[in-house]
Amino acid sequence: MTSTPVPRASMPDVRELQRDFLLSDGGGRMFYVDGAEAPRGLPCVIAIGAFDGFHRGHQDLLARAAADAASRGVATVAVTFDPDPDEVLSAHPAHKLLSFDDRVCALLSTGAHVAVVPFTPALAELDHDAFFSRVLAPALDIQAIHVGTDFRLGRCGASTVEVMQAWGAQHAIEVHGHALLEDDGAPITATRIRTLFAQGSIEMARRELGRRPLLRGTVQHGRGQGADMGFPTANMALHTGIQLPANGVYAGLALIDASVWPAAINAGLPPMFDSDAHSAHLEANLLGCTGDLYGRDIAIAFDRRLRPSRKFESIDALIETVNNDIQTVRGLFGDTGVRLA
């Protein structure tokens, strides 16, 4: 009688880690359309969007634009905005899946150039004709435009895909509206992924993103009790305005400098210490990582949720459960880091 072999714990390969931490370099360049570094009349096909999260739907849209650009022998350009329009137009903007810098890195990883449009209330008042002719035309010689079918431009979203297509026919510019990519019978959107992440549905969020969900922060001093319990943690001061996962314990990966380590992660204030002013909203035990991490930048990629947060009847019970969590992470990824080139 033979037993089923147990998979050996191992870290993802370097290419997968570079993808998850948005470190791939596709060779494109970023420029502000009104900046001195902007090109002048670059022949191109463009895709337009806020691209928050740069999920699989965004990736599909940009791939279609890139295929069109290749057939014409011109550049592919992703046109995006800084800040996100939601942050300017909404009294209560949604939390973001990616910071602006990470959004640009994700777009550049495809090999496209990234044209950044400074978003202001005045820009929001422009119609499509003014946007293309006055804002983009000095930098870009646009031959085709690719957007999602739900795309809207201008005041009150008056410039729909159909309106833009009529305009494009008059200017010899093709405008393509693409149906949104679906997963499990529903369109893949940043709003949907944001909700999944907030609910702790990491596997579904990961599937729709096409990578592990990512958070960045800086290691700060915390309660200092983890080390005394046998599992020192890196306490993170998080970037503001970024969507957090549901409270709970997660298995994931942590990037410090150029090395990635297995990580057992607690999201949300620990119930046993929620009255302590030094408790962090995100802390991670990095398996195999030693040395002083205070003040260093850290990125966390979430692999799966292990359990919800709960209050324990004793510190000993807490220690036993956390050690079990760490052992689960060790069983998934081992306890050594991977150096990225």
Residue order, fewest to most beta carbons within 10 Å, for Lys96, Lys311: Lys311, Lys96
HN-Hα J in Hz across the range 193-198 - Karplus 6.51, -1.76, 1.60, θ = phi - 60°, x for Gly and Pro: 5, 4, 5, 4, 5, 5
Diffusion coefficient, µm² s⁻¹, Stokes-Einstein with Kirkwood Rh over alpha-carbon pairs of the range 14-183 at 4 °C and 1.567 mPa s: 80 µm²/s
Built amide H within the under 5 Å cut-off of Ser259, gap 5+: Leu340
By average C-beta atoms within 10 angstrom, highest first, the peptides 250-262, 37-49: 250-262, 37-49
DSSP beta bridge pairing in the chain, given as percent antiparallel to the nearest 5: 60 percent
5 angstrom amide H check on Leu140, placed H, neighbours 5+ away: Gly41, Leu42
C-alpha long axis of helix 315-333 to longest principal axis of the chain, angle in °: 50 degrees
Per residue Cα convex hull volume in Å³ - calculated over the chain: 178 Å³
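Read the figures in this text as sums done on the coordinates, not as results from a lab. Quick caveat, the model's predicted, so the values are computed rather than measured. Positions of Cβ are generated from backbone atoms using ideal geometry, with glycine treated the same way; all protein chains shown enter the neighbour counts.
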